[in-house]
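Note sheet for the following structure.
Taken together, the values in this text are just the output of simple stated rules run on the coordinates, not laboratory data. Fair warning: this is a prediction, and the values are worked out from it, not measured in the lab. In this analysis, Cβ positions are derived from the backbone assuming ideal geometry, glycine residues included, and neighbour counts consider all displayed protein chains.
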């Protein structure tokens, strides 16, 4: 079902980006929310019933891309995963992890530009003297 999308998460645990596409919850597909003057947000859920599943950590780098490698969303997990016990599977307990990632715009929005005087009705030389 998710053949046209690829979800990778880098938990910064020296394993690099890991493909989580196979664990995407089919009942709640990934949803990208873009709003005016706010950072974009990706909400998604992962279903894990295998012991090799590593729960994504807060601050993990998320990339949702098409199969042709064009990115749909890039950002960072904003909070610890919320989990729900689903029952017992073939390999042990099964859980659904709900996650939210905030787009790359957030760190850029936090950086404040230095205060500068407006350069209106001034000569070029006067502006250069003030900048230097």
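One Cα centroid belongs to segment 81-103, the other to segment 1-55; the line between them spans 12 Å.
Counting each pair of different Cα atoms once, what's the Kirkwood radius of the chain in Å, rounded to one decimal?
Values: mean 1/r = 0.0577 Å⁻¹.
Kirkwood radius, the chain: 17.3 Å.
Counting neighbouring Cβ atoms within 10 Å and putting the fewest first, the residues 119, 44 line up as 119, 44.
For the pair residue 15 and residue 126, label points projected 7 Å from Cα toward Cβ lie 6.2 nm apart.
Quick one: 63, 54, fewest Cβ neighbours within 10 Å first, how do they rank?
Values: 63 18, 54 13.
So the ranking, lowest neighbour count to highest, is 54, 63.
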